[in-house]
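We did not get these values from a lab; they are worked out from the coordinates using the rules stated. Worth saying up front: this structure is predicted, and the values here are computed from it rather than measured. We place every Cβ from the backbone using ideal geometry, glycine too, and count neighbours over all the protein chains shown.
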Amino acid sequence: MTEEATTEHYFGGCPTCGDNDGCLNVGRNHWYVCHLCRTKWLVGSNLFSGWRDEDETIWRRNWARIADYREVVPVGQRQAVPPPD
């Protein structure tokens, strides 16, 4: 993508390519990632209940996969602004 990367993903996208490969939980923290560009961005903690169904083994594996990814500010979702009345 160009410098003006955009995304349609609700939780943002990689600032390099605009992609989003989904979320990995590390404890109660939710990291979205782009594996191609090796980027990650934290969207929050305890937003999704799925982390409660995971355990330390999963969290360690998730973190090992993304620990050396570059932390970025994601590009935001493209949103239409309604014209003024």
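Could you tell me whether segment 23-71 comes out rounded, prolate or oblate from its Cα gyration tensor? Rule is a ≥ b ≥ c as square roots of the eigenvalues, rounded for a/c under 1.5, then prolate if a/b exceeds b/c, otherwise oblate. Kindly include the intermediate steps, with their values, before the conclusion.
Values: a/c = 2.53, a/b = 1.47, b/c = 1.72.
Since a/c reaches 1.5 but b/c is at least a/b, the shape of segment 23-71 is classed as oblate.
Could you check the spin-label model distance between R65 and V43? Points 7 Å from the Cα along Cα→Cβ, value in nm.
1.5 nm
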